[in-house]
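The structure appears below as structure tokens.
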Amino acid sequence: MTGCSGAWDPLEVRFLDEETAYDGTQIGAHWAYLKLGVRGDSAVAFIGPCEVRTAALVDLADAKEGLFIRSKSMLHFIVEHFDRDLEKGVLRQRLFAAIVRDEAARMGAEFERRGDDLYLGDGRKASVSIAAPTPVSVKMHFGINVDPAGAPVPAAGLIEFGIDPRRFAVRILDLYRQESAGVYHARCKVRLAGEAFGNCAGPGISGGAH
């Protein structure tokens, strides 16, 4: 289904039941299509260890400092939107972090969001995230620790709050899908500012402010 009418959903979401390690290669274009056959915008979640070597980091500032990412178990989200607006991608990344923070709080874990990362009040880091362009899309990886053992910095994870990572993942995917659909449909119900309402107005309806 195309167009702006009906209940068309602009984002397909999936959760992978099998444990999958994240090494940074999943940030490439079309990963969801090549692995799962998902075409178009997508958000895929899975649980598994995280090991991203310095040479594989997309964040140049972190790479220059020789940093790396490691965690015994992490809940990963791989998001792909097929537009090439990196600024929009970064805004989506921060929206995603806010969704994760809010849902974690609802489940008893109070994190502080600093940009696209989440921290506990004691300064321990709970997540990693990056948004990056590909030749055809903008990709995002958001990972939140389940068991942060082996992390190169003081870290926290869902395990200490008794949060079921699978249940948490499914909820986050649904919330992000709802936000994406809401943004898409909000775009489809407005006209140009200052444009005459024309013959579309029904009885008792006139143009004007929002």
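What follows draws every value from the coordinates through simple rules; no lab data is involved. Keep in mind the model is a prediction, meaning the values are calculated, not measured. Using ideal geometry, Cβ is built from the backbone for each residue, glycine included, and neighbour counts are taken over all protein chains shown.
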Item to check | Reachable aspartates and glutamates from LYS189, criterion Cα separation under 19 angstrom, eight or more residues apart if same chain | outcome: ASP9, GLU179
Checklist entry - What dipole magnitude, in Debye to the nearest 20, does the range 12-188 give about its Cα centre under +1 on Lys/Arg Cβ and -1 on Asp/Glu Cβ? => result 240 debye
Checklist entry - Taking square-rooted eigenvalues a ≥ b ≥ c of the alpha carbon gyration tensor, is the range 12-188 rounded, prolate or oblate, where a/c under 1.5 means rounded and, failing that, a/b exceeding b/c means prolate? => result rounded
Checklist entry - Fully extended, how many nm does the chain gain between ALA98 and ALA29 (0.36 nm per residue separation, minus their Cα-Cα distance)? => result 22.4 nm
Checklist entry - Say the dipole of the range 12-188 comes from +1 at the beta carbon of Lys and Arg and -1 at that of Asp and Glu; which of HIS141, ALA104, PRO152 then lies farthest toward its positive end? => result HIS141
Item to check | Candidate aspartates and glutamates for bridging to LYS72, where Cα separation is under 15 Å - those fewer than 8 sequence places away on the same chain excluded | outcome: GLU19, ASP23, GLU51, ASP147, GLU160
Next on the checklist: Can you return the lysines within cross-link range of LYS35? Criterion is Cα-Cα under 16 Å, with same-chain partners fewer than 8 residues away left out.
Outcome noted: LYS139
Item to check | Virtual spin-label span in nm between THR134 and TYR184, 7 Å along Cα→Cβ | outcome: 1.8 nm
Item to check | Length gained when the stretch PHE15-LYS88 is fully extended (0.36 nm per residue, less Cα-Cα span) | outcome: 23.9 nm
